[in-house]
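The values are calculated or read from the model by the stated rules, or taken from the named source; none is laboratory data. Just so we're clear, the structure is a prediction, and the values are computed from it rather than from any experiment. Cβ coordinates were reconstructed from backbone atoms using ideal geometry, including for glycine residues, and neighbour counts include every protein chain displayed.
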Amino acid sequence: MELHIRLEGRKGLAEQLYRQLRAGIDSGHLAAGTQLPPTRLLAEQLGVSRKTVAEAYSRLTYDNLLSGVVGRGTFISPRHTLRQGDSEHIPLAAADTLERWRQRATVLAQRALDAPSRYDFIGGASSKSQFPYDQWRSCMNYALRRSQRHPERQFSAQGLPELREAITHHIAFTRGIQCAPSDVLVCNGAQQALDLIARVLVEPGCKVAMEDPGYPPARQLFQALGARMQSVPVDDQGLCVEQIEDGTRLIYVTPSHQFPLGMPMAAPRREALLARAAELGALIIEDDYDCEFRYQGPAAEALQRMDRHGLVAYVGTFSKTLLPELRLGYAVLPPAVLQAACVAKHLSDWHSPTLQQWALARFLAEGHLNKHIRRCHEVYSARRERILARLDGDLAPWFDAVPASAGFHLSALAKPGVDVELLISLARKVEVGLYSLAPFFSEAPVRPGLLLGFGAIELLDIDPALDRVADTLQRLS
């Protein structure tokens, strides 16, 4: 590979070469440790004498920017980055807009940057130890062979037909969702599904209603698009539908497993929500983020199945069921929304990764997902029962568990006198990762408590972790 140098004229060539190499080193484009071409080779490439290159190299070496290694060559020396005053940055006209985006960083994004604790109750993380790596590897090999034989170079933004058909069968079996493959849009995780739906529905100033407490990335997304957010409180029956304001265009809910508290939306509330949406002409986003895992009682009927007017967009994901790294989700959309969302998807990234779509379609068709869910259900159920036993036992003086029958997290509300934030800080010092409910509240009064995820913590680690929490609570008391 040739070093990019441009010399003009035939005078001052060594000076020109020195300045261009110096600029590349100062800017970081020529990184520390990079080997420069030998003087003879660079002279031939530039059409100059070897003496010219040697002179430039010598000056850079004198400036401690280059160093020679006997028998190996000339390398750029380690040094500090661009010095103050070497360049002047002009403020961008969009500086205020950029600052607003920087301020939208969510608590969930910050959690991803934190080092995990030895015992971590983080929510939304699945058990990697249960993932069927061998079966997935076989499906990825199939996808590679399929890609090699496939003559096409362009793919539909809506997703591969075989994956959309496999998703249709899966959600019909697990959730009773009534749809055709033509109603399904494949996305890069549920978050992109929310983004696409919001992008084609939300305009600056329009009203969007969502649960409070609720899912922060959804709230941040709607606000970023200029929506006027309405925080609708929840009680033990779910969303307080009667408080949804007139003029609302979009309603975001997690009815099967309210995020973060965990209770399901009662059937009368579901009926009332559909009726209110029909009055408003509002679209409901039903985020069924961890619907596959249910531990007691019959599964609550999905809003999409109850919908008779094309007012529900059903959103699901495989990132939580399988692996976070997979980043594949889907949305079942009403005809009025689907075409616009497909256009937005095409403008965003053309289509989701085809290799992963082929692999996932094969994975679903061969029954690996259902087997994986059954296997994880047993594992998660045991973990859940152990946490509930401790909350009903020695931790009962400090916390009350919120009734929840699905997913792989549960919430525990703190009793009066418990300083949740101090507990979290002290627990971190004894290698236990606990997480507060407070960041999920927007306008509703904060109900102090913990979100306890059990997807990523092993069963045998739960008691040692909660022993440390109990000891910390005893000291605080």
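For region 234-265, which positions are farther than 22 Å from Leu451 by Cα and either in a strand (DSSP E or B) or touching a His at 6+ places or on another chain (Cβ under 9 Å) (or both)?
Within region 234-265, Thr248, Arg249, Leu250, Ile251 meet the criteria.
Is region 134-143 home to any residue that is basic (Lys, Arg), assigned to a helix (DSSP H, G or I) and over 16 Å from Tyr330 (Cβ atoms)? Spell out the reasoning first.
Here is the first cut: in region 134-143, the residues basic (Lys, Arg) are 137.
Still in the running and assigned to a helix (DSSP H, G or I): 137.
Checking the rest, the ones that are also over 16 Å from Tyr330 (Cβ atoms) come to 137.
For region 134-143, residues basic (Lys, Arg), assigned to a helix (DSSP H, G or I) and over 16 Å from Tyr330 (Cβ atoms): present.
Anything in region 210-233 that is touching a residue at least 60 places away in the same chain (Cβ under 8 Å) and part of a strand (DSSP E or B)? List them, or say none.
Asp212, Met229, Ser231, Pro233
For every residue, the table says whether it meets (1) more than 29 Å from Ser442 (Cα to Cα); (2) touching a residue at least 40 places away in the same chain (Cβ under 8 Å).
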residue	(1), (2)
Pro268	no, no
Leu283	no, yes
Glu292	no, yes
Arg308	yes, no
Gly316	no, yes
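Give Gly159, Gly123 a once-over and let me know the one that is buried (at least 19 other Cβ atoms within 10 Å of the Cβ) and not assigned by TED's automatic domain parsing to the domain that holds Asp290. If you could, list the steps in order and put the result at the bottom.
Values: Gly159 fails: not assigned by TED's automatic domain parsing to the domain that holds Asp290.
Residue meeting the stated conditions: Gly123.
Does any residue of region 387-400 turn out to be modelled with pLDDT under 95 and hydrophobic (A, V, I, L, M, F, W, C)?
Of all residues in region 387-400, those modelled with pLDDT under 95 come to none.
For region 387-400, residues modelled with pLDDT under 95 and hydrophobic (A, V, I, L, M, F, W, C): absent.
Scan (1) touching a strand residue (DSSP E or B) at 6+ places or on another chain (Cβ under 9 Å); (2) hydrophobic (A, V, I, L, M, F, W, C); (3) under 30 Å from Leu322 (Cβ atoms) for the single condition Leu460 breaks and write down its number.
Evaluating Leu460 over (1) touching a strand residue (DSSP E or B) at 6+ places or on another chain (Cβ under 9 Å); (2) hydrophobic (A, V, I, L, M, F, W, C); (3) under 30 Å from Leu322 (Cβ atoms) leaves (1) as the failure.
Determine whether Asp236 is over 24 Å from the mean Cα position of the chain (by Cα) and at pLDDT below 95.
Yes: the conditions hold for Asp236.
For region 32-75: of the residues being among the basic types (Lys, Arg), farther than 19 Å from Glu8 by Cα and at pLDDT 90 or above, which is farthest from the chain's Cα centre (by Cα)?
Here is the first cut: in region 32-75, the ones among the basic types (Lys, Arg) are 40, 50-51, 59, 72.
When the remaining residues are screened for being farther than 19 Å from Glu8 by Cα, the result is 40, 59, 72.
Filter again for at pLDDT 90 or above, leaving 40, 59.
Numbers: Arg40: 51, Arg59: 49 Å.
By that ranking, first place goes to Arg40.
Kindly indicate which of Arg175, Arg149, Arg145 is among the charged types (D, E, K, R), within 26 Å of Ala406 (Cβ to Cβ) and assigned by TED's automatic domain parsing to the domain that holds Leu360.
Numbers: Arg149 fails: within 26 Å of Ala406 (Cβ to Cβ); Arg145 fails: within 26 Å of Ala406 (Cβ to Cβ).
After ruling out the rest, the residue left standing is Arg175.
Being of a type in the set (Gly, Ala, Ser) and buried (at least 23 other Cβ atoms within 10 Å of the Cβ) is the filter here, so list the residues in region 319-353 that pass it.
Within region 319-353, Gly329, Ala331, Ala341, Ser352 meet the criteria.
Determine the pairs where a residue that is on the phi > 0 side of the Ramachandran plot, located within region 24-52, has a partner that is at pLDDT below 90 with Cβ atoms under 9 Å apart, the partner being 6 or more residues away or on another chain.
From region 24-52, the pairs are Gly28/Thr81; Gly28/Leu82; Gly33/Pro78; Gly47/Leu7.
Step by step: first the residues of region 432-461, then only those that are β-branched (Val, Ile, Thr) and assigned to a loop (DSSP other than H, G, I, E, B), then the one that is nearest to Leu422 (Cα to Cα). Which residue is that? Spell out how you get there, then give the answer.
To start, the set of residues in region 432-461 that are β-branched (Val, Ile, Thr) comprises 432, 446, 457.
Cutting the leftovers down to assigned to a loop (DSSP other than H, G, I, E, B) gives us 446, 457.
Numbers: Val446: 16, Ile457: 22 Å.
This residue is Val446.
I'd like the full set of residues that are exposed (fewer than 15 other Cβ atoms within 10 Å of the Cβ) and under 19 Å from Gly407 (Cα atoms), limited to region 354-388.
Matches in region 354-388: Asn370, Lys371, Arg374, Arg375, Glu378, Ala382, Glu385.
Applying the selection to region 53-66, what residues are surrounded by fewer than 17 Cβ atoms within 10 Å (Cβ to Cβ) and without any contact (Cβ under 8 Å) to a residue 40 or more places away in the chain?
Ala54, Ser58, Thr61, Tyr62, Asn64
Condition test on Val312, is it buried (at least 20 other Cβ atoms within 10 Å of the Cβ) and either under 25 Å from the mean Cα position of the chain (by Cα) or touching a residue at least 40 places away in the same chain (Cβ under 8 Å) (or both)? Walk me through how you get there before you give the answer.
Working: buried (at least 20 other Cβ atoms within 10 Å of the Cβ): yes; either under 25 Å from the mean Cα position of the chain (by Cα) or touching a residue at least 40 places away in the same chain (Cβ under 8 Å) (or both): yes.
Considered against the rule, which asks whether it is buried (at least 20 other Cβ atoms within 10 Å of the Cβ) and either under 25 Å from the mean Cα position of the chain (by Cα) or touching a residue at least 40 places away in the same chain (Cβ under 8 Å) (or both), Val312 comes out as yes.
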